[in-house]
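Everything below concerns the one structure shown next.
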Amino acid sequence: MNNDWRDEFAVINGVRLHWVEAGTGPLVVLLHGFPEFHYSWRHQIPALAGAGFRVAAPDLRGYNLSEKPPGVAPYGIAHLTADIAALIAHLGEPRAVVVGHDWGGAVAWHLAATRPEFVERLAVLNCPHPAALARDLFRPRQLRRSWYVFAFQIPWLPERLFRAGNYALLRRTLRREPIRPGAFTDADIERYVEAAARPGSTTATINYYRAAARRRPRTMLGDHSSIVAPTLLIWGERDAHLGLHFAEGLDRWVPGIRVERIPDASHWVQNDAPERVNELLVEFLEEGPAPRSCPRLPCSPAPQLR
């Protein structure tokens, strides 16, 4: 662990969460994807802290050192979103810049759409807007890429395959999918395996997909589909899982969205192109705070910790 990162634990929204924190200044919350944990932001945490921001990178519920509630229902998008709203409130801030990759991006989209008062600015890395996902998920070209989402619906078998050969599938994915040689070092991969191997973690993280399958993608936004926070979408063009079409035609749901495509980056964009991602994030964050009103969506009260 980097000596400049502070480990924190607290019961947030009824679940004991772990996060690392660094720096001082305006709050930035970094949300990781599957099958990762806060360490996926190892290149961004020092860069953002060094640029004058207070950075908090949680292990989402079910991951690494955070609590792993049993069952599928606790991993529904409403619970995941409530965790982050409650975390921001716990950190003593009315709102934060929220940055998410993959599943963390899904949580970030949902938070910005349904609890806009908590989101100062929004940055998403290689995660489709839910309405775009609903539009394109069942097209043949995307179904071929998203086969694993449907495979994860099978009971117990995905867990067994994921754990097989001392997490051989995870090791192979992290070695082969990134574009940049050494994007994940051997030591990095061992950290990922250690996190994935914690008791209950494999089932908990796969349950994100099982919970999502119980809802249509468009309904993940509730009654709201328009994002009012200033939004940056960063997209690694060589994503093996999500087609580039997901980065197109988003203005109808995210007015004024800024899209930055990185040609020589995969789904693991912040690891393939860390310097470019850091540059884009710092530039975006330094543009200043968003207006303090919620002009299109009703503002809701701060969450109560349970």
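General observations
- Selection status of ALA49, in contact (Cβ under 8 Å) with a residue 12 or more places away in the chain, aliphatic (A, V, I, L, M) and more than 16 Å from GLY92 (Cα to Cα): yes
- Qualifying helices (runs of 4 or more DSSP H) (wholly inside the stretch 188-306; at least 2 residues being β-branched (Val, Ile, Thr) and at pLDDT 95 or above): 201-213, 274-285
- Any hit, the stretch 45-59, residues being more than 22 Å from ARG276 (Cα to Cα) and not charged (D, E, K, R): yes
- Boolean, ALA85 is among the small types (Gly, Ala, Ser), touching a Pro at 6+ places or on another chain (Cβ under 8 Å), crowded, with 22+ Cβ neighbours inside 10 Å and outside any loop (DSSP other than H, G, I, E, B): yes
- Residue in the stretch 136-153 that is surrounded by fewer than 17 Cβ atoms within 10 Å (Cβ to Cβ), in contact with a Lys or Arg (Cβ under 9 Å, 6 or more places away or on another chain), modelled with pLDDT under 95 and not in a helix (DSSP H, G or I) present: yes
- Number of positions in the stretch 2-37 that are surrounded by fewer than 14 Cβ atoms within 10 Å (Cβ to Cβ) and on the phi > 0 side of the Ramachandran plot: 1
The values are calculated or read from the model by the stated rules, or taken from the named source; none is laboratory data. The structure presented is a predicted model; accordingly, all values stated were derived computationally and were not measured. As a convention, Cβ positions derive from the backbone with ideal geometry for all residues, glycine included, and neighbour counts pool all protein chains shown.
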